[in-house]
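Here's the structure we're looking at; comments come further down.
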Amino acid sequence: MIVAASGGPTEIALGLALAVAAWSDVRYRKIPNVLSGGIAVAGLVQAAAVDGPSGLVLALAGGLVGAALLYLQFSRGLMGAGDLKLLAAI
């Protein structure tokens, strides 16, 4: 497995996107779907580019696990769907 150096363009872009998501969540109590979707697509593309089909499968599995971790809280109204989608995207 190839691991990119810390602080590369990918990590910086993710950090900026997460900062925007945090700002939006605090300011408007909403995380835009386009932001979560963009993070998810970029992550899947990178996983496939770095590790091939197995990387893509593992990235999709990670997204499902992330969504599952917050589903109980979401279903009880303790957090919004934006939080669940953002964790799945990350």
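The values are calculated or read from the model by the stated rules, or taken from the named source; none is laboratory data. Remember, predicted model here, so these are calculated numbers, not experimental data. In this analysis, Cβ positions are derived from the backbone assuming ideal geometry, glycine residues included, and neighbour counts consider all displayed protein chains. Only protein heavy atoms, including side chains, enter the accessible area calculation; ligands, DNA and RNA are left aside. Shrake-Rupley method; radii C 1.70, N 1.55, O 1.52, S 1.80 Å.
What's the total number of residues in segment 60-81 that are touching a residue at least 24 places away in the same chain (Cβ under 8 Å) and under 14 Å from Leu44 (Cβ atoms)?
3
Does at least one position in segment 11-24 carry a residue that is more than 18 Å from Ala88 (Cα to Cα) and either under 17 Å from the mean Cα position of the chain (by Cα) or in contact (Cβ under 8 Å) with a residue 24 or more places away in the chain (or both)?
Yes - at least one qualifying residue is present in segment 11-24.
Any idea which residue in segment 19-34 is nearest to Leu87 (Cα to Cα), counting only those that are open to solvent by 60 Å² or more (accessible area, probe 1.4 Å) and outside any helix (DSSP H, G or I)? Reasoning before the result, please.
So in segment 19-34, the residues open to solvent by 60 Å² or more (accessible area, probe 1.4 Å) come out as 20, 23, 26-30, 33-34.
With outside any helix (DSSP H, G or I) added as a condition, the list becomes 29-30.
On the way: Arg29: 16, Lys30: 14 Å.
Filtering segment 19-34 for residues that are open to solvent by 60 Å² or more (accessible area, probe 1.4 Å) and outside any helix (DSSP H, G or I), the one nearest to Leu87 (Cα to Cα) comes out as Lys30.
Any idea which of Val50, Val57 is in a helix (DSSP H, G or I), β-branched (Val, Ile, Thr), in contact (Cβ under 8 Å) with a residue 40 or more places away in the chain and open to solvent by 50 Å² or more (accessible area, probe 1.4 Å)?
Selected residue: Val50, the only one of Val50, Val57 that is in a helix (DSSP H, G or I), β-branched (Val, Ile, Thr), in contact (Cβ under 8 Å) with a residue 40 or more places away in the chain and open to solvent by 50 Å² or more (accessible area, probe 1.4 Å).
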